[in-house]
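Below is one structure; the comments refer to it alone.
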Amino acid sequence: MDRRAFLKLAGGAAGVTAGAHIAAFAAKPSPDPLQLRIQTARFRIRDAVTENMVSTAPDAPPPVLRVKQGDRFVADVINAMADPTAMHWHGIRVPNKMDGVPYLTQWPIIENETWRYDFTVGDAGTYWYHPHCMTMQQMALGLTGLFIVEEQRDPGFDGETALNLRDFRLGKDGQFLKLYSARKAARGGTLGTVMTANWQQDPAYDHKSGSLVRLRVGATDTTRIYRLSIEGADGKIIAMDGHPVREPVAWPTENAPLVLGAGQRADIALVMPAQEGKTVVLKHHSGMRSRTLATLRSVGQPFKRNLNELAALPSNEVPDVDLGSSELIELLLGWSPDGLKPNNGLCGSLGYTFWSINRKPWPGDAVKDIGPIAELKLGKSYVLRVRNESPNIHPIHLHGLVFRPLRSNQRKLPSNWMDTITLLRNEVVDIGLVADNPGNWALHCHVIEHQKTGLAGYIRVS
Ligand code: C2O
Ligand code: CU
Ligand code: CU
């Protein structure tokens, strides 16, 4: 696609209008741009130093980015790699131009090029960032980081730990194995061999005994669906996908773990054990096995804090769905018609097509000749009926907007605002949203092998 065709496509939804969640904040002067230099890195994850990683520093994970709600975020993404890239701010409702999706909202950032992102952050909560070009490689090799937006008013915790949960596919020598296979891409996706939190195996963090801690957990793996429990503490889940909960989410236990699909986040308030030396552990459960992902340790004299001392987090500005006037849109997630060869744009293809939305597989990066899955009217309410006809699990993510599940054919889902929903095998979920942010918004499975072999598309809001 040439530059003119691209501009025409992007021009179709050229609104830079800020949503109501941004309009509430006074315009801020531009801070000095943060520099995010995408580069090759090395890091000791296990016994040996792993080479050929991708990060924003030569020897460290991508940093936790922190801004205050209502502030302006300005970052220069500098591409110091041979492969192109593009940066996406997952879950943050930005103007479409800042969304970081190659060909849909911007050009790929090629070697030695810099791309400036500049937006006001309207939503408080736990978000994350990752590339949306060479996504399979760059994410699997390390480039995923948390993006924390602090509430305007301090919610009153004594401490905080943020955990970026992800796998690495490393061999015994500590070096990367093949990142994916066709066989796995056509099924559940390829899992890593080493489970990490903040690039470490079972890291421990100290907090004052009896203190109130905010635990932020982000699932940034390319594939893994986490089933989490928290042992050793009382607490509650206060936000999902960044947004304070409207309906309670059950406390995660071994028998009823919290399912966090690739892309999702949870904010958890907990009270540290009163006794010094006691621990709180975050575990992942798969089948009969469980594994500790991270540990919190009580230290010092007890604080004697109580969960009831926490006021509810103020909700982000999200217009509620008007079910009376809403229109129904059906999305079928399933197999792909045969014979489609993915196009090989700058942003990488896995070389296969296995998946589709409404039987239309996404052909690769370049959006030429492929229209939106659906066209939505700005300001109108919609119900998306998302039907998973496959036996595999799909965490489905929508850019630019938030939605809440209304019903499932299989279970009771708390109706909380989210940007990613994990569909179980053969599950049908209705999600409701107001199309309040204009632009072309990507919608795809966050198992990157599914995304890159067809399970992707976009909706247009205008
Ligand atoms: Cu987190 Cu389109 O992605
Ligand atoms: Cu996103
Ligand atoms: Cu999927």
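Here are some notes:
- Selection count, the range 407-429, where residues are part of a strand (DSSP E or B) and either touching a residue at least 60 places away in the same chain (Cβ under 8 Å) or within 14 Å of the chain's Cα centre (by Cα) (or both): 5
- Scanning the range 449-462 for residues that are within 16 Å of ligand 3 (Cβ to nearest atom) and outside any loop (DSSP other than H, G, I, E, B) gives Glu449, His450, Gln451, Ala456, Gly457.
- Residue within the range 272-285 that is farther than 27 Å from Pro302 by Cβ and open to solvent by less than 30 Å² (accessible area, probe 1.4 Å) present: yes
- Of the strands (runs of 3 or more DSSP E) lying entirely inside the range 244-340, those containing at least 3 residues that are touching a strand residue (DSSP E or B) at 6+ places or on another chain (Cβ under 8 Å) and more than 16 Å from ligand 2 (Cβ to nearest atom) are 265-271, 279-286, 289-299, 327-335.
- Scanning the range 99-126 for residues being closer than 22 Å to Gln264 by Cβ and within 13 Å of ligand 2 (Cβ to nearest atom) gives a total of 4.
- Index of the failed condition, His444 passing every other in (1) surrounded by fewer than 20 Cβ atoms within 10 Å (Cβ to Cβ); (2) within 15 Å of ligand 2 (Cβ to nearest atom): (1)
- Per the conditions (1) more than 16 Å from ligand 2 (Cβ to nearest atom); (2) under 14 Å from Leu333 (Cα atoms); (3) of a type in the set (Gly, Ala, Ser), the sole criterion not satisfied by Gly457 is (1).
- Subset of the range 393-423 that is in contact with a Phe, Trp or Tyr (Cβ under 9 Å, 6 or more places away or on another chain) and open to solvent by 10 Å² or more (accessible area, probe 1.4 Å) - its residue that is nearest to ligand 3 (Cβ to nearest atom): Met418
- Verdict on Arg224 being of a type outside the set (Phe, Trp, Tyr), modelled with pLDDT of 95 or more, under 29 Å from Leu333 (Cβ atoms) and open to solvent by 30 Å² or more (accessible area, probe 1.4 Å): no
- Meets criteria (hydrophobic (A, V, I, L, M, F, W, C) and either open to solvent by less than 20 Å² (accessible area, probe 1.4 Å) or under 21 Å from Val94 (Cβ atoms) (or both)) for Ile370: no
- Selection count where residues are in contact with a Leu (Cβ under 7 Å, 6 or more places away or on another chain), within 23 Å of Ser415 (Cβ to Cβ) and among the charged types (D, E, K, R), scope the range 217-244: 1
- Residue within the range 390-406 that is within 20 Å of Arg246 (Cβ to Cβ), in a loop (DSSP other than H, G, I, E, B), among the polar types (S, T, N, Q) and more than 16 Å from ligand 2 (Cβ to nearest atom) present: no
- Among residues of the range 433-448 being over 30 Å from Gln137 (Cα atoms) and in a strand (DSSP E or B), the one that is nearest to ligand 1 (Cβ to nearest atom) is Leu433.
- Pairs linking a residue in the range 175-195 that is under 19 Å from Arg46 (Cβ atoms) to a residue that is assigned to a helix (DSSP H, G or I) and of a type in the set (Gly, Ala, Ser), with Cβ atoms under 6 Å and 6 or more positions apart or on different chains, are Leu179/Ala140.
- Test for Arg153: is it open to solvent by 20 Å² or more (accessible area, probe 1.4 Å), modelled with pLDDT under 95 and of a type in the set (Lys, Arg): yes
The values are calculated or read from the model by the stated rules, or taken from the named source; none is laboratory data. Model, not experiment: these values are computed from the prediction. Note that each Cβ is placed from the backbone with ideal geometry, even for glycine, and that neighbours are counted across all protein chains shown. Note: areas computed on protein heavy atoms with side chains; ligands, DNA, RNA excluded. Shrake-Rupley method; radii C 1.70, N 1.55, O 1.52, S 1.80 Å.
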